[in-house]
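> So that we are looking at the same thing, I have put the structure below in structure tokens.
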């Protein structure tokens, strides 16, 4: 008897997540051609994050690193792709918004 498994193609995205007390860096997996916004609007309460690193917001000290972490979406204040962060060399400190 052959067992077939269903596989859904997903895209690996490195993200930075902020909670009220922590900065979390890690990887999430989005359905192919979906947006991070779509991922956040799914009805599940938790976000699975792999290769997670948790830092204290106060001093950027590494508090935890692990292969897997589930984050409650209610605790997330901000999330964005890591590649959206500008390099320090490209930031103009005199620019005003």
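> Run the quick spin-label model on residue 18 and residue 61: label points 7 Å from Cα toward the beta carbon, then report their separation in nm to one decimal.
Once both label points are built, they end up 2.1 nm from each other.
> Assuming a ≥ b ≥ c are the square roots of the Cα gyration tensor eigenvalues, decide whether the chain counts as rounded (a/c under 1.5), prolate (otherwise, with a/b larger than b/c) or oblate.
Here the chain falls in the prolate category.
> Please give, to one decimal in nm, the separation of the simple spin-label points placed at residue 53 and residue 83, each 7 Å out from Cα toward the Cβ.
Rounded to a tenth, the inter-label distance reads 1.9 nm.
> Next up: Take residue 40 and residue 10, extend 7 Å from each Cα along the Cα→Cβ direction, and tell me the distance between the two endpoints in nm.
Roughly 1.9 nm, to one decimal.
> Okay, next question. Could you rank the peptides 58-65, 4-11, 45-52, 70-77 by their average count of other C-beta atoms within 10 Å per residue, with the highest value first?
45-52, 70-77, 58-65, 4-11
> Go ahead and run the numbers for FRET between residue 33 and residue 2, Cβ-Cβ distance against an R0 of 22 Å, rounding to 0.05.
0.15
> In deg cm²/dmol, rounded to 500, what helix-only [θ] at 222 nm does the chain give when every DSSP H run of at least 4 residues adds -39500 (n - 2.57) and the total is split over its residues?
Using -39500 (n - 2.57) per qualifying helix, the result is -1000 deg cm²/dmol.
Each reported figure results from applying straightforward, stated rules to the coordinates on display, with no laboratory input. In this text the structure is predicted, and so the values were computed from the model without any measurement. Using ideal geometry, Cβ is built from the backbone for each residue, glycine included, and neighbour counts are taken over all protein chains shown.
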